[in-house]
Structure formats: structure tokens, C-alpha cells
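The values are calculated or read from the model by the stated rules, or taken from the named source; none is laboratory data. Computed from a predicted structure; not experimentally measured. Using ideal geometry, Cβ is built from the backbone for each residue, glycine included, and neighbour counts are taken over all protein chains shown.
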Amino acid sequence: MPAQEITAKRYAEAAFGLARDRGEIDRWVADLAAVAEVLNDKQVRALLDNPRVPETRREEMLDRALAGVSPLVLNFAKLLARRHRVDLIDEIVAAFNRMVDEYRGIVYADVTVAVPISEDEERYIRDRLSAMLKKDVRVRLHVDPRIIGGVIARVGDHVIDGSTRTRLLALRRRLAVAR
């Protein structure tokens with residue numbers, strides 16, 4: 001794991017611990033999204049990165065730009081600015097959101113099908129995966145005609161391959177051995 005990713009994860013862990021302990025996870029999710037939007041603005045970034053701009057002026061600008069966020073999230077944004085870690089905001093937000101999902105028992109499944117499927121079929125796949133994993137599964141659907149038919153589901157490191165292509169390849173191997 002690259003050093004920048006480790007640093008971002010540490011900031012996210014600190015923020016998540018604070019949000020969880022205070023019962024403010026949803027508020028932090030929304031506020032961190034607002035912080036990311038502000039900190040990714042080119043003009044804001046130029047001001048924060050300019051060593052000639054006094055720290056008090058930077059903080060005043062953040063106070064105005066982030067007027068609606070909670071005081072703790074505002075202080076978090078100011079801390080990132082003071083430590084010159086503004087460039088980590090997207091990684092921090094992504095890591096924070098992964099922690100929120102894990103805390104809530106949500107996992108994401110990349111599901112590949114050969115042809116587009118209906119909402120009912122997608123719901124059926126989601127429900128089956130949720131029952132198997134005993135977690136709330138969110139499906140990210142992909143269409144790949146090369147699998148011929150069936151479904152391939154990837155959840156983290158786990159792969160459930162029910163594709164027609166894989167079944168045909170297995171049959172081919174069995175027939176080759178039987179000769």
C-alpha cells in the first residue's frame with residue numbers, strides 16, 4: 001500500500017471513529033462530500049497551496065466555503081489544510097465511505113452477465129447473494145457477452161462463477177481426460 005494511501009486511511013479512521021462515537025455517521029458522510037467538493041475546486045486549491053497566503057486567511061476562506069458543515073468536520077478540513085494534506089481528500093472520503101459500508105454490513109458485488117437483465121432478475125441475484133453472504137449486497141452490473149450465459153459475481157476476493165463459458169470449458173477438460 002503506497003504511503004499516501006496509508007496516510008489517507010489514517011485520517012479516515014480518525015474521522016470515522018469520531019463520527020461513529022458521536023452517532024453522526026450520516027452527517028459526516030454528507031459533510032465530507034461537501035469538503036471534498038470545496039477542496040477540489042481549483043481556485044480554493046490554489047489559495048490553500050500558496051505559501052504567501054497567511055494561515056488565518058486560508059482558515060477564513062474555509063469558514064466561508066464550508067459554512068454549513070459541522071464544526072468538527074470544518075476543523076478536520078482546516079487540519080488537512082494546515083498539514084498540507086488537501087490533496088488526500090478524495091482518498092480520505094473513499095476510505096471513510098468504505099468504513100461506513102463495512103460498519104453497516106454492506107458489501108458490493110460486481111456481477112457480470114452475458115446480456116442486459118431486468119430489475120427483477122437483478123433483485124433476484126442481489127437477494128441470493130445477500131442470503132449466501134449474510135450481508136446487505138449492492139450490485140454493480142456489467143454486461144460481457146463473452147461469458148455466453150449465466151452469471152459471474154465478485155465480492156471482495158470471492159468469485160462465484162456460474163457462467164456458461166466456464167461450464168463449457170470444464171466439460172471440455174473432462175472430455176479430454178476421458179479420452
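Would the range 53-61 turn up any residue that is in the same structural domain as Thr166 (by TED's automatic domain parsing) and of a type in the set (D, E, K, R)? Break it down into steps so the answer makes sense when it comes.
We begin by selecting, within the range 53-61, every residue in the same structural domain as Thr166 (by TED's automatic domain parsing); these are none.
Checked the range 53-61: no residue is in the same structural domain as Thr166 (by TED's automatic domain parsing) and of a type in the set (D, E, K, R).
Residues in the range 129-138: is at least one in contact with an Asp or Glu (Cβ under 7 Å, 6 or more places away or on another chain) and assigned by TED's automatic domain parsing to the domain that holds Thr166?
yes
Determine, yes or no, whether Arg173 is basic (Lys, Arg), surrounded by fewer than 18 Cβ atoms within 10 Å (Cβ to Cβ) and modelled with pLDDT of 95 or more. I'd like the intermediate steps shown before the answer.
Values: basic (Lys, Arg): yes; surrounded by fewer than 18 Cβ atoms within 10 Å (Cβ to Cβ): yes; modelled with pLDDT of 95 or more: no.
When the stated conditions are applied, Arg173 does not pass them.
Among Leu72, Leu129, which is in a helix (DSSP H, G or I) and either of a type in the set (S, T, N, Q) or at pLDDT below 95 (or both)? Walk me through it before giving the result.
Details: Leu72 fails: either of a type in the set (S, T, N, Q) or at pLDDT below 95 (or both).
Checking each option against the conditions leaves just Leu129.
Table: residues versus (1) over 25 Å from the mean Cα position of the chain (by Cα); (2) polar (S, T, N, Q); (3) over 17 Å from Glu91 (Cβ atoms); (4) not in a helix (DSSP H, G or I).
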position	(1), (2), (3), (4)
Met1	no, no, no, yes
Tyr11	no, no, no, no
Ala14	no, no, no, no
Ala30	no, no, yes, no
Val35	no, no, no, no
Arg52	yes, no, yes, yes
Arg57	yes, no, yes, no
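Pick from the range 132-147 the residues that are outside any strand (DSSP E or B) and in contact with a strand residue (DSSP E or B) (Cβ under 7 Å, 6 or more places away or on another chain): which of them is surrounded by the most Cβ atoms within 10 Å (Cβ to Cβ)? It would help to see each step written out before you state the result.
Taking the range 132-147 first, the residues outside any strand (DSSP E or B) are 132-135, 144-147.
Going one step further and asking which of them are in contact with a strand residue (DSSP E or B) (Cβ under 7 Å, 6 or more places away or on another chain), we end up with 133, 135, 144, 147.
Details: Leu133: 17, Lys135: 17, Asp144: 13, Ile147: 20.
Looking at the filtered set, the residue picked out is Ile147.
Residue by residue, here is whether (1) out of contact with any Pro (no Cβ under 9 Å at 6 or more places or on another chain); (2) within 28 Å of Arg154 (Cβ to Cβ); (3) polar (S, T, N, Q) holds:
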| position | (1), (2), (3) |
| --- | --- |
| Leu39 | yes, no, no |
| Thr56 | yes, no, yes |
| Ala67 | yes, no, no |
| Ile92 | yes, yes, no |
| Ile106 | yes, yes, no |
| Lys135 | yes, yes, no |
